Amino acid sequence: MKKVFLFIAIGLLLIGIPATIYLLGQQKDLRAKAAPATTLSLTPAQSTHAVGTTFNLNIQINPGSNQVRTARIAVTFDPAKLKAMTITNGPKAPRILSSGVVEQGRAYIVVGAASNAQPITSNGTIAVIRFKAMEATAATPAAVVFEAAPKTFVGASMEGGANVLVTANGAKITITGGSSTPTLTPTLTVTPTATVTPTLTLTPTPDDTTGATATASTIQILSPAENSDVTTTAPTFQGKAPPGSTVTIVVYSTPQTVTVTTDENGNWTYTPTTPLEEGPHSIVASIQTASDSTEATSSAFVVVASGTGGGVAADDAMPISGNIETTVILIALGLVFLASGVLLPMIL
Amino acid sequence: MAFLTQRTQPKTISLISVLALIVFMPLLLLAVQNIAVLITRASGTPANISVDVANALETIDTDFYHAFAQGGEEATDMLAPVVSDIRALRPRYIRLDHLYDHHDVVSGSGGGMSFNWGKLDAAVNSILATGAKPILALSYMPASIAQGGTVINPPNDWNDWATVVQKTIEHYSGRSDKNISGIYYEVWNEPDLAQFGSWKPGGAKSYVTLYHWAAVGAGRANNVNTFYLGGPATTGLYKTWILALINSGNRVDFLSWHTYQVNPAKYDQDQKDIITWLLPYPNFTLIPKLITEFGFTGDKSTLYGTSYSAAHAAAVIRQLIVGGPTYLISFQPIDGPNQQNGTGWGLITHSDNGLRKKPRYYVYNFIDAMAGARLDLTGEGTWVTGFATIRDSVVRVLLVNFRGVTENVPVTFTNMIPGSYTLRTRYLYGTDTKSPISVTAPTHQVKVPLTPNNVVILELSKTQ
């Protein structure tokens, strides 16, 4: 009987020892997998750009054996040389967990894996920063570097709250002198021949009976002034154009189109027959020039109801604009009476 | 003076002085306040918007704000009269609280506990009829199991609370019952508020204990579809509550809080804060975050009936358009009764007040036009904020003027391809116009008048 127990014990030992060794090995592997092993790199690591150009730097992740769930990325750079325009996530990190911020010399964002069940386990781009080259570099390129931990932080499964980032490789940017893109002056050309919603088609055909066409770019809107408030729903529009020319006027927002002819002094006026709604509007006045091109000018204005002091949505009890005279008078009166109250007894 | 000295008693003069002080001091204070407000308002920065049309960024989500929370101002199926109006808002989720105290679900206790789902089923059916799924706030304690019969108290036996939660989940998520998948079960509603029990994240009346037994009940639920259990549904985002919950060892599928703040930037800051707190807890960084109620104030206000409220919602959505919560839940679809004074939180007035849609009702679908890939937009001001997108080569810019003064906003498009374009200018309140523009250079500027508390979408499409 004792021999039976001995054999059973030996058998258990023979099975148990390899099993224990195997399980310990498994745990060791698991632990090794969870150890910090992630690398972040800015790519390309080196690049050259001309002043005024924009370019992207990708933030590549190599998670090693980690199962990455979250990365807080913060990079710094010389704001005299570089300006960060945007920062967003890359395809390897499909979620933006808090919105990216670009500021003087710094950009940061928090990105994440799709879900806990789909961590980042392979190499790829987790974020993209768009830069503008601002000033030529001298002998030393401009450096873009990751901020030190914990500001740059990579979180992963099976590692508790540890930062699994082990290496962060920055980038060197060489900026060459000269501007690649000339600054262009914006030009607004209103072409009043297209269809205006809902059904209105603007056809600024000159009045043939007058035979007059404009000879210079002299179309002007004198009233209402740009961005002014108008306190009537039927304002009178006034302007200048070459004498005898036909001026096409389109009043938005519900379009009203008319043509008027300037007088011998080049003045034109128009008062809408349909009252304008309260709120923002604009007027576009155009003429045909001698070369058969169109010249136009516009003015935006706001129709405000008398006494509402501003917008269509005067929700706030406090006025959003107005004069200060009443307040000054009140203060002056208050001070006079206060002074009287304090000083009179002393004088008397 | 001599005349006055001779004719007037000193006591009379003092009396007049005191009266003058009493009368004019408030006027002086009022005037000073007015000046302070005027100076403050004048000190903001006007917007000067620039949009880079050539640099598409991430695709934005236009679903997250299609979610609504109905409060319990009536112990009835409040959504029933407005189902079709709410369906038109394409809600993804609708939250309901007062589950147990307004719907007479639970009777008895211990082994004698019984459940009557009739009233609650009607309310949930109304939610489903809108096309939404329910978020059920497990609140408050059924009187039959609550200490002293008070619904904001702990139960006499925590196992009874666990059973209530288990039965609720089995009823609505159960494959052999209502068979709804994807329900969020939120433990309680505003537990930190005295009105709802003054629970704490620890101590004698601990929310964590309340949550733990809810999680025990959720764990017992059998044969159920996927569902989410979370909390703490506090009146604001509080670090101590969030950390207490995620460190409790209980199942936490989502985190939730309410935000009633005027400042739209606060909402974005909250997102940054919670992610910062959660970074050391990688198991929780990616779980859903829900703002299960939001508004510019938790108090009733006539401003909820005006464009102010709509502009606030738009300004908040703008702040959360990147890195926002899983759901931003507007409070609430319909007013309670007897609010003819216009102070209700609802998007729609109560049936005793005409079932009228208020301005905020229209803002959600309006913003949906912005679906697409985000474009870089800079130059937001103190009051006018916005974002830009591109979809099918059409560039769109949303601008909202929240609490500002009227601005004629310069909007500069950069990296344009010269040619003929159509610019559609569509105001939330106002006109919808199209005008042709000719772009002759890579940079092109238009000016957009924007009155206070209005929202506008510019739509720029190439015609040639």
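When each of B:43, B:84 is tested for being loosely packed, with under 15 Cβ neighbours inside 10 Å, modelled with pLDDT of 95 or more and small (Gly, Ala, Ser), the lone residue that passes is B:84. Could you tell me whether residue B:288 is within 13 Å of chain A (Cβ to nearest Cβ), without any contact (Cβ under 8 Å) to a residue 24 or more places away in the chain, surrounded by fewer than 24 Cβ atoms within 10 Å (Cβ to Cβ) and not polar (S, T, N, Q)? Judged against the criteria, residue B:288 is not a match.
For every residue, the table says whether it meets (1) among the acidic types (Asp, Glu); (2) under 25 Å from the mean Cα position of the chain (by Cα); (3) surrounded by fewer than 23 Cβ atoms within 10 Å (Cβ to Cβ).
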{"residue": "B:382", "(1), (2), (3)": "no, yes, yes"}
{"residue": "B:392", "(1), (2), (3)": "yes, no, yes"}
{"residue": "B:410", "(1), (2), (3)": "no, no, yes"}
{"residue": "B:463", "(1), (2), (3)": "no, no, yes"}
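Go over the candidates A:144, A:110 one by one and state the one that is hydrophobic (A, V, I, L, M, F, W, C), touching a Lys or Arg at 6+ places or on another chain (Cβ under 7 Å), surrounded by 20 or more Cβ atoms within 10 Å (Cβ to Cβ) and under 20 Å from residue A:57 (Cβ atoms). Answer to the check: A:110.
Scanning the range A:135-170 for residues that are of a type in the set (Asp, Glu) and away from chain B (no Cβ under 11 Å), we see that the one that is nearest to residue B:280 (Cα to Cα) is A:147.
Tally up the residues in the range B:413-464 that are of a type in the set (Gly, Ala, Ser) and within 27 Å of residue B:314 (Cβ to Cβ), please. The total comes to 3. Candidates in the range A:241-267 are the residues that are of a type in the set (Ser, Thr, Tyr), at pLDDT 80 or above and outside any strand (DSSP E or B); of these, the one that is nearest to residue B:406 (Cα to Cα) is A:262.
Scanning the range A:219-240 for residues that are away from chain B (no Cβ under 14 Å), in a loop (DSSP other than H, G, I, E, B) and buried (at least 18 other Cβ atoms within 10 Å of the Cβ), we see that the one that is modelled with the highest pLDDT is A:235.
Scanning the range B:194-203 for residues that are surrounded by fewer than 15 Cβ atoms within 10 Å (Cβ to Cβ) and outside any loop (DSSP other than H, G, I, E, B) yields B:194, B:195.
Across the range B:247-281, the qualifying residues are those that are within 11 Å of chain A (Cβ to nearest Cβ) and of a type in the set (Ser, Thr, Tyr), and the one among them that is surrounded by the fewest Cβ atoms within 10 Å (Cβ to Cβ) is B:276.
If we scan the range A:37-55, do we find a residue that is closer than 21 Å to residue B:322 by Cα and not β-branched (Val, Ile, Thr)? No: zero hits.
Just wondering, is there one or more residues in the range B:331-341 that are touching a Leu at 6+ places or on another chain (Cβ under 8 Å) and assigned to a helix (DSSP H, G or I)?
Of the residues in the range B:331-341, the ones touching a Leu at 6+ places or on another chain (Cβ under 8 Å) are B:332-334.
Imposing the further condition that a residue be assigned to a helix (DSSP H, G or I) reduces the set to none.
Scanning the range B:331-341, I find no residue that is touching a Leu at 6+ places or on another chain (Cβ under 8 Å) and assigned to a helix (DSSP H, G or I), so the answer is no.
Being at pLDDT below 95 and either buried (at least 18 other Cβ atoms within 10 Å of the Cβ) or in the same structural domain as residue A:146 (by TED's automatic domain parsing) (or both): is that true of residue A:37 here? Yes. When you scan the range B:87-100, how many residues do you find that are over 18 Å from the mean Cα position of the chain (by Cα) and either closer than 27 Å to residue B:199 by Cα or buried (at least 23 other Cβ atoms within 10 Å of the Cβ) (or both)? Total satisfying the criteria: 3. Among the residues of the range B:46-76, those that are modelled with pLDDT of 95 or more and acidic (Asp, Glu) comprise B:52, B:58, B:61, B:63. Within the range B:422-432, the residues that satisfy the criterion of being in a strand (DSSP E or B) and buried (at least 21 other Cβ atoms within 10 Å of the Cβ) are B:425, B:427.
Inspection of the range B:176-192 finds no residue satisfying the criterion of being over 19 Å from residue B:219 (Cβ atoms), in a loop (DSSP other than H, G, I, E, B) and among the aromatic types (Phe, Trp, Tyr). The residues of the range B:393-419 that are among the polar types (S, T, N, Q), at the interface with another protein chain (Cβ under 9 Å from one of its Cβ atoms) and assigned to a loop (DSSP other than H, G, I, E, B) amount to a single one, B:406. Here the range B:101-126 is the region considered, the condition is being of a type in the set (Ser, Thr, Tyr) and either touching a residue at least 12 places away in the same chain (Cβ under 8 Å) or in a helix (DSSP H, G or I) (or both), and the residue that is surrounded by the most Cβ atoms within 10 Å (Cβ to Cβ) is B:126.
Quick check, is residue B:213 without any contact (Cβ under 8 Å) to a residue 24 or more places away in the chain and of a type in the set (Phe, Trp, Tyr)? Considered against the rule, which asks whether it is without any contact (Cβ under 8 Å) to a residue 24 or more places away in the chain and of a type in the set (Phe, Trp, Tyr), residue B:213 comes out as no. Taking the conditions exactly as written (of a type in the set (D, E, K, R) and either touching a residue at least 40 places away in the same chain (Cβ under 8 Å) or over 21 Å from residue B:58 (Cβ atoms) (or both)), does residue A:130 satisfy them or not? Taking the combined requirement at face value, the residue satisfies it.
The values are calculated or read from the model by the stated rules, or taken from the named source; none is laboratory data. Everything numeric in this text was worked out from a predicted model, so none of it was measured. As a convention, Cβ positions derive from the backbone with ideal geometry for all residues, glycine included, and neighbour counts pool all protein chains shown.
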